[in-house]
Amino acid sequence: MSRLRPLALSLLPILALSTACVQSPRAETSMASAQAVTPDQEQAYIVKVANRVADWQLANLDNLDSYIRFISRETPNPRGWVMGTYFLGLADYAEATGQPCYTRELAAIAEREEWQLGKRLYHADDHLVGQVYFRLAEAGVANANLMPTKAALDAILADRPTNQMMHPDKAGDEECADRWCWADALFMAPATWWEASAAFGNPAYADYAHQEFKVATDLLLDEGESLYYRDSRFFDRRGSHGEKLFWSRGNGWVYGGLVHILRAMPKDDPRRDYYLALYRRMSDKLVEIQADNGLWRASLLASGETPPETSGTGFFVYGLAWGLNEGLIEGDKYSRAVDAGWNALVANIDVEGRLGYVQQVGDRPEDVQSDDHQLYGTGAFLLAAGQILRRDHN
């Protein structure tokens, strides 16, 4: 398995970290010479960069409007999907690097939130934080309380939604969000249900998740392109050059969600092949359409120069690196894609630890600026960092 190309090692000076969670010398020189870098130094460098990203975000959860251009109503919600994606990335990274300080910080937040999901019982976005709670329980947090999550899922099973899946085009149309009718939902909810099935020994949770995932995939997956439409409104929409509109982060949500389902489900589950086939199809398509700069375009099939976009890229690097680590995909084309994507992500981290070029909250490909930051971009980066370190250590 190829090692990371040296580009990322010369991009950033290693600075003092921004919180007390991790201690570091106040000043160090950058690793500018690839020939002088040992595997242990490379690993240490990646940890320092990722720690800086994790720590800066952890220290800046209460002043969001000072660095985020678009604050949605969900942005400051610690039980919502925006913060929840960062929390999930941080929990994963803490496990990958053996840094319990991050686990303690997350446990304190979960305790303050009384281990509750979001307020909307059926809405997938309000289920994501359940994945964080399961990670904390698996990490051995003594006071982890999974009962509120179980109660919410049980309430859904007792009164299952049966609404239609077509996304409303205008106000007054029938809503579809009680089910997983948009691509993002496949990251937010299914893995929570699979985690619950394992934690509580109840196959009904996994059965429900599989049923609803298949309904969403049958609706949103373009069989010819092996990519997901964000929702049914985009079936007939086209970009400026006539290309189908496949949103980078929307497909990143799906791809990351597939990884989390595969991580949560038993390896002998007969349904596993269904998810593996989807994962491999998307993997092949993603390496085919990666841009020359290592990033993926905000509109995946757009041609020509477009602004870099890092949130979708973070999820794609995460998923590809995980598949290499698990032996589910093999070959130089995947390794090259991971290397190029990771180096591009690191190149867009500033000296404070903020990841730039993160498209703001939305539902389609849109413009993105160098100083656009969002918590879910940080979360995707930390998910990727954990797998890069694991891959480089294999």
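Determine if region 103-121 includes at least one residue that is assigned to a loop (DSSP other than H, G, I, E, B), in contact (Cβ under 8 Å) with a residue 40 or more places away in the chain and either of a type in the set (D, E, K, R) or touching a helix residue (DSSP H, G or I) at 6+ places or on another chain (Cβ under 7 Å) (or both).
The answer is yes; a qualifying residue exists.
Taking into account only those residues within region 147-175 that are in contact with a helix residue (DSSP H, G or I) (Cβ under 8 Å, 6 or more places away or on another chain) and part of a loop (DSSP other than H, G, I, E, B), which is least open to solvent (accessible area, probe 1.4 Å)?
M165
Out of everything in region 232-254 that is at pLDDT 95 or above, of a type outside the set (A, V, I, L, M) and out of contact with any Leu (no Cβ under 7 Å at 6 or more places or on another chain), what residue ends up being nearest to S303 (Cα to Cα)?
Step by step, filter region 232-254, then rank; the result is W247.
Within region 335-384, can you find the residues that are in a loop (DSSP other than H, G, I, E, B) and among the polar types (S, T, N, Q)?
N348, Q359, Q360, Q369, S370, Q374
What are the residue pairs meeting all of these: first residue in region 253-274, first residue of a type in the set (A, V, I, L, M), second residue assigned to a loop (DSSP other than H, G, I, E, B) and surrounded by 21 or more Cβ atoms within 10 Å (Cβ to Cβ), Cβ atoms under 6 Å, and 6 or more apart or on different chains?
V254/A183
Check R135, R79, R73 and return the single one that is surrounded by 14 or more Cβ atoms within 10 Å (Cβ to Cβ), of a type in the set (D, E, K, R) and part of a loop (DSSP other than H, G, I, E, B).
Result: R79 is the single residue among R135, R79, R73 that is surrounded by 14 or more Cβ atoms within 10 Å (Cβ to Cβ), of a type in the set (D, E, K, R) and part of a loop (DSSP other than H, G, I, E, B).
With the checklist (1) open to solvent by less than 30 Å² (accessible area, probe 1.4 Å); (2) touching a residue at least 40 places away in the same chain (Cβ under 8 Å); (3) farther than 24 Å from S299 by Cα in hand, flag the one item E212 doesn't pass.
If we test E212 against (1) open to solvent by less than 30 Å² (accessible area, probe 1.4 Å); (2) touching a residue at least 40 places away in the same chain (Cβ under 8 Å); (3) farther than 24 Å from S299 by Cα, just (2) comes out false.
Taking the criterion of being in contact (Cβ under 8 Å) with a residue 40 or more places away in the chain, more than 28 Å from L389 (Cβ to Cβ) and open to solvent by less than 30 Å² (accessible area, probe 1.4 Å), would at least one residue in region 85-99 satisfy it?
no
Would you check which residues across region 306-334 are assigned to a loop (DSSP other than H, G, I, E, B) and touching a Lys or Arg at 6+ places or on another chain (Cβ under 9 Å) and list them?
T306, P307, P308, E309, L328, I329
Residue-by-condition table, conditions (1) surrounded by fewer than 24 Cβ atoms within 10 Å (Cβ to Cβ); (2) over 25 Å from H210 (Cα atoms); (3) modelled with pLDDT of 95 or more:
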position	(1), (2), (3)
G256	no, no, yes
V259	no, no, yes
A264	yes, no, yes
D269	yes, no, yes
K285	yes, no, yes
L295	no, yes, yes
T313	no, yes, yes
A321	no, no, yes
I329	yes, no, yes
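Failed condition for R249, given (1) open to solvent by less than 10 Å² (accessible area, probe 1.4 Å); (2) farther than 20 Å from W180 by Cα; (3) of a type in the set (D, E, K, R), with all others met?
(2)
The values are calculated or read from the model by the stated rules, or taken from the named source; none is laboratory data. Remember, predicted model here, so these are calculated numbers, not experimental data. Positions of Cβ are generated from backbone atoms using ideal geometry, with glycine treated the same way; all protein chains shown enter the neighbour counts. In case anyone asks, the SASA skips ligands and DNA or RNA and just uses the protein heavy atoms, side chains included. Shrake-Rupley method; radii C 1.70, N 1.55, O 1.52, S 1.80 Å.
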